[in-house]
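The values are calculated or read from the model by the stated rules, or taken from the named source; none is laboratory data. No experiment lies behind these values; they were computed from the predicted model shown. Cβ atoms come from the backbone with ideal geometry, glycine included; neighbour counts cover every protein chain shown. Surface accessibility is based on the protein's heavy atoms, side chains included, excluding ligands, DNA and RNA. Shrake-Rupley method; radii C 1.70, N 1.55, O 1.52, S 1.80 Å.
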Amino acid sequence: MRVTGTLLPSGERTELWLLGDRVTFTRPHTESHTVAENLFLTPGLVDVHTHPGHDEAAVFTGERFAAECAQHVAAGTTALRVPGHTGPVPPALRTDPAMPRLVTAGRLLAHTGLATGHPMHAPTDDLLSAGLAEAAANDGWCKIIADWEHDEPPVPEPALRALVDAAHARGFRVAAHCQTAAGTRTAVECGVDSIEHGWYLTDDLIERLAARGGAFVPTATAFLQIVDDVRGKPEGPRKDYFLGGVDGLSRSAAVAHEAGVTVLAGTDSAPFGNVVSEVRFLLSAGLPPTVAIGAASWTARAYLGLPGLVEGGPADLVGYDVDPRREPGVLSHPRLIVLRGRIVTRR
Ligand SMILES: [Zn+2]
């Protein structure tokens, strides 16, 4: 399959070929057919924080996982990081040609001291062993609940620090849910790689996160859906905490980007295939279009270790009629979606 267009973010005019699940910029000797011309070309969208596969009681099934991943793919989302799922992802789904590239993190580990009681959470008093086991059984990531109730202490620092150090020694990475000032501080200070939600992220913490190449995933999409409801609730510390956390995300995203933190797009919510909403949030926060779109595409892939549209790279390609950096709305209307070298959509 031959495709021509403009590569993002470089802006380079290009002609490329998809040979099975491989990209090449060198004309193959075999005959090819042109599937699209003059598109703006990306390796597809990425949602780095999504939990497909669960029913209302947080019961995970492979069928539901595949169906909700298909919703992501239909929107041009060719890769997902799944930072927490209650059941294992069936191995056959990882190589299924219809499935997006997956980076999973296993069970959401909550230190027993937090006693969340949330059906998604797996309580443990041994974060170290549990975290290493999940990272090894998944894609080198584990996911920790660093805090839960707004007025309760976060995960004990020694437990989280021990896990992060041991994970890094093995080449694994740690993502942490944090929404309280104390939880966010603990996660950053313990060396967590990817700060999820990151409410009350202060400038000193942003500097520390930047200095070690950390990532921040604000998941504003999830909160903006409910913020009006919360505004209508009776006054009180819980409401203040929620609104304060959400209100701070925009500034944190902008400051984090300026400081050199890798800001990434994750939705943490239904509908699946909605990461464009997080791009809109990042744009509204003042991130440049190339950065905001990259956060949901090439930058996210690089952070997850997935090649983009490079010689010999995987054949994931999503093309648009106009430059999404000029018209971000076009991200919701891909002209061409190719996943693993197979055409999903061609309009
Ligand atoms: Zn989540």
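Could you tell me which of the residues T299, T219 is modelled with pLDDT of 95 or more, in contact with a strand residue (DSSP E or B) (Cβ under 6 Å, 6 or more places away or on another chain), buried (at least 22 other Cβ atoms within 10 Å of the Cβ) and closer than 20 Å to T50 by Cβ? Even if it seems obvious, please write down each step before you answer.
Details: T299 fails: in contact with a strand residue (DSSP E or B) (Cβ under 6 Å, 6 or more places away or on another chain).
Going through T299, T219 in turn, just one is modelled with pLDDT of 95 or more, in contact with a strand residue (DSSP E or B) (Cβ under 6 Å, 6 or more places away or on another chain), buried (at least 22 other Cβ atoms within 10 Å of the Cβ) and closer than 20 Å to T50 by Cβ: T219.
For the stretch 244-273, how many residues meet the condition of being part of a helix (DSSP H, G or I) and within 16 Å of the ligand (Cβ to nearest atom)?
Restricting attention to the stretch 244-273, the residues satisfying the condition of being part of a helix (DSSP H, G or I) are 244-259.
Applying the additional criterion that residues be within 16 Å of the ligand (Cβ to nearest atom) yields 245-246, 249.
Number of matching residues: 3.
Could you check how many residues of the stretch 16-49 are under 24 Å from the mean Cα position of the chain (by Cα) and among the small types (G, A, S)?
First pass over the stretch 16-49, keeping only residues under 24 Å from the mean Cα position of the chain (by Cα): 21-23, 40-49.
Then drop every residue that is not among the small types (G, A, S), which leaves 44.
The qualifying residues number 1.
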When the stretch 87-115 is checked residue by residue, the ones that are polar (S, T, N, Q) and open to solvent by 30 Å² or more (accessible area, probe 1.4 Å) are T95, T112
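In the stretch 47-58, which residues are away from the ligand (no atom under 15 Å from the Cβ) and among the hydrophobic types (A, V, I, L, M, F, W, C)? Explain how you work it out, then say what you get.
Initial filter on the stretch 47-58 (away from the ligand (no atom under 15 Å from the Cβ)): 55-57.
Result: A57, single match.
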In the stretch 222-243, residues that are closer than 17 Å to R280 by Cβ, away from the ligand (no atom under 16 Å from the Cβ) and open to solvent by 40 Å² or more (accessible area, probe 1.4 Å) total 1
Quick check on S277: is it closer than 30 Å to T180 by Cβ and either among the polar types (S, T, N, Q) or assigned by TED's automatic domain parsing to the domain that holds G20 (or both)? yes
Matching residues in the stretch 15-63 (surrounded by 14 or more Cβ atoms within 10 Å (Cβ to Cβ) and acidic (D, E)) number 2
